[in-house]
Every structure is written in C-alpha cells, then in structure tokens.
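Undergrad: Let me give you the structure first, and then I'll get to my questions.
The values are calculated or read from the model by the stated rules, or taken from the named source; none is laboratory data. These figures come from a predicted structure and were not determined experimentally. With ideal geometry, Cβ positions are generated from the backbone for all residues, glycine too; neighbour counts draw on all protein chains shown.
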Amino acid sequence: MRRARKWWIVGLILAVAALSAVYGPGVWRHWKLLQAQELCLKAELPRERPVAELNPRSGQSLGGAVPGEYGNDPK
C-alpha cells in the first residue's frame, strides 16, 4: 500500500511538471497581457486635450495649431 501511494504521488508530481512545461509559457503571457490591460484601464486621459473632434473645421484648426500632437482619422 505504501509503495502504491508513493508512486501515485510521484506520478502526480510528474503530471503537474509536464502540464506546467506545456501550458506554463502561455499562461504567463496571458497573465502579463492582463496586467498590461489593467494598467491601460486605470490610466487617465489628459483632460486638456480632446479625444475626438466631430466638427471638421474645428478639427482642422486644432491639427494646424499643434501638428505633432493630433492626427487626422483617415476615413
């Protein structure tokens, strides 16, 4: 009985090690992706700059005033 229990534990440890080797890197990449997503969701956008300007004339003047900060959406 002890021998069977010992081999069962060894088999379980080997199975966990094999699954970790196969699935571990993918799980780690997914974990890092979730951490990056959490940082993006917690980030605050600058309040002094508009995110989108629906009026084309205002958008042109804004883009002309600070050309390096704003871009035009190619629609």
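Undergrad: Look at residue 57 and say whether it is out of contact with any strand residue (DSSP E or B) (no Cβ under 8 Å at 6 or more places or on another chain), assigned to a helix (DSSP H, G or I) and modelled with pLDDT under 90.
TA: Yes; evaluated as a whole, the condition is true for this residue.
Undergrad: Going through the stretch 37-54 one residue at a time, which ones are in a helix (DSSP H, G or I) and surrounded by 10 or more Cβ atoms within 10 Å (Cβ to Cβ)?
TA: So in the stretch 37-54, the residues in a helix (DSSP H, G or I) come out as 37-42.
Once the filter is applied, which keeps residues that are in a helix (DSSP H, G or I) and surrounded by 10 or more Cβ atoms within 10 Å (Cβ to Cβ), the stretch 37-54 yields 37, 38.
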